[in-house]
Amino acid sequence: MGLLAWLGVASFVGESLGQPAGLVASASLLAGTSLAASLSWAYVDWPTILMGGGTLVSLTLWRQGREAKWALLAGVFVGLAFGSKYTAGLIAVLALVVILVQGRRALSSLPPFTLAALASEMPWLLKNLLATDNPFYPLLLPGGAMDSVRLSLYQGFPPQVSWLDTVFLPLRATLWGIEGARLADA
């Protein structure tokens, strides 16, 4: 998935903005040690990048022709991204914004997008529900090995930083972040 995501991003950016930009995008993905090293980990950042890239390509094609099949495919990618990492649900929010700002004519693509997103994330949520009694396992609700005591370790402490630090964490980590640094290695 890492190779597909890397090639997909490089190809899409190269076709959209030119080959030099594609090379920069390709190099940027592998420039950080965490993302490059994670190619050998059993972790979900690369599948999230792959599904996010698929969403971006699908929405770009949808915007060019307004064919519902591209909105449907974007929904599939959104659902798969959410199924691989809950925080990838932000991709769904951003995709909805893209669709909604296109005007009234674009609203007809909203049902296929939404149904495809729900259908492709539903197997993951059902599996969690059946196995642990919590569709969002291990978050939000007790279930499986995540009992109320363990959840309190994640949810019961007051924030260690201000709300401004939380809001600007992505920017701070991007501009000044190093592995192991306070606030940047979250």
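The values are calculated or read from the model by the stated rules, or taken from the named source; none is laboratory data. Because the structure is a prediction, the values reported are computed rather than measured. For neighbour counting, all protein chains shown are included, and Cβ atoms are generated from backbone atoms with ideal geometry for every residue, glycine included. Side chains included, ligands, DNA and RNA excluded: accessible areas come from the protein's heavy atoms. Shrake-Rupley method; radii C 1.70, N 1.55, O 1.52, S 1.80 Å.
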Fill in the blank from the handout: In terms of the alpha carbon gyration tensor, root eigenvalues a ≥ b ≥ c, rounded if a/c is under 1.5 and otherwise prolate when a/b exceeds b/c or oblate, segment 25-151 is oblate
Exercise for the section: Quote the charge dipole size of the chain about the Cα centre in Debye, to the nearest 20; the model charges only the Cβ of Lys and Arg (+1) and of Asp and Glu (-1). Expected result: 500 debye
Fill in the blank from the handout: Within segment 1-84, DSSP-loop trypsin sites (Lys or Arg not before Pro) with at most 16 other C-beta atoms within 10 Å are Arg66
Completion exercise
For Val98 the rounded accessible area (nearest 10 Å², probe 1.4 Å, non-protein molecules ignored) is 50 Å²
Problem - Inter-site label distance for Val101 and Arg172 at 7 Å from Cα along Cβ, in nm - result: 2.7 nm
Exercise for the section: Round to the nearest 0.05 the FRET efficiency obtained for Gln64 and Thr87 when R0 = 30 Å and r is the Cβ-Cβ distance. Expected result: 0.55
Practice task
Starting from the Cα of Leu141, move 7 Å in the Cα-to-Cβ direction to define the label point; list residues of segment 104-122 whose amide nitrogen is under 17 Å from there.
Solution key: 122
Handout entry: FRET efficiency, Leu23 to Asp133 (Cβ-Cβ, R0 45 Å, nearest 0.05)
Key = 0.40
